[in-house]
Structures are given as C-alpha cells and as structure tokens.
Amino acid sequence: MRSRGVRRRRPRSVWAALITGTVLCVAIVAGILLPVLGLIGAADATTIGALDVPVGAVTASIVISYLVALVFLALTYASRIGAVSWITAVAAVIATLVGSVWPLVATALASVTQVQDTIPFIQKLIGQVTGLH
C-alpha cells in the first residue's frame, strides 16, 4: 500500500504533452504571429496610414488568446492523466494559432469595410470626370 503523504509522479506522457505544447506555441508565435504583425505593419506603412488597422481589437485578441493558451498549458502541467494532458496541450496550441492568425483576419475585415465605403466615392468621381452622372 502506498503512504498517504506520497504524491504520484507525473507520467512521461504528461511531460511529453507539456513540452510539445510549449514548443509548438512558441513556434507559432515566432513563425506566424511575428510575420503577420510585420505584414500588417508593412501594409500600413505602404499605404501611409490610409489602412485602418484595428489596433485595439488586435491587441485584445492576442492577449486573450495567449492567456487562454497559458491556462491550458497550466492545466497540462497540473494533470496526472496523459490523455487529458494531450487534450489541454492541443487546446493551447489551437488558442495560440487562433490568436496569431486573428490579427490578419481583423485587419482584412476592417480593410473590406473601408473599401466598401470608398467604392461609392470612386464611382462618383469617375462619373464626374466622364460627365456621366
């Protein structure tokens, strides 16, 4: 029989899930988030500020999704069951992936809205230049 004060060691599958989840999350930040932010910054600089980048929404989405990922990684560490650890590690990776891709989606949606507001102006301008009202 086991003594009551002795804690069970974490199975290797828990450590494997934690290490894999952490490495993948860091790789997603380095390989996806940083290039996405660079692309958004370059697009904004190229348009000389005409591109309406939703900075607040982008920042909030990154912070929230990464906090969710950290919570899932903490649950991965706290778990003593290998299958649960793998599920929480995958959830952390998905949260990191969503948080890394969402800035691009949010900027694209803002740009589409901005273009939709611009199209009537361009049509009116073309009509004035060509004499067709």
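Brief remarks on what is shown
- Checked against the criterion of being modelled with pLDDT of 95 or more and surrounded by fewer than 17 Cβ atoms within 10 Å (Cβ to Cβ), the candidates 28, 64, 48 yield just one match: 64.
- Considered as a group, the residues in the range 41-75 that are outside any helix (DSSP H, G or I) and not aliphatic (A, V, I, L, M) include one that is nearest to residue 14 (Cα to Cα), and that residue is 54.
- Scope the range 92-131; condition touching a helix residue (DSSP H, G or I) at 6+ places or on another chain (Cβ under 8 Å) and either at pLDDT below 80 or loosely packed, with under 12 Cβ neighbours inside 10 Å (or both); matching residues: none
The values are calculated or read from the model by the stated rules, or taken from the named source; none is laboratory data. Keep in mind the model is a prediction, meaning the values are calculated, not measured. Don't worry about glycine lacking a Cβ; one is built from the backbone with ideal geometry, like all the others, and counts go over all protein chains shown.
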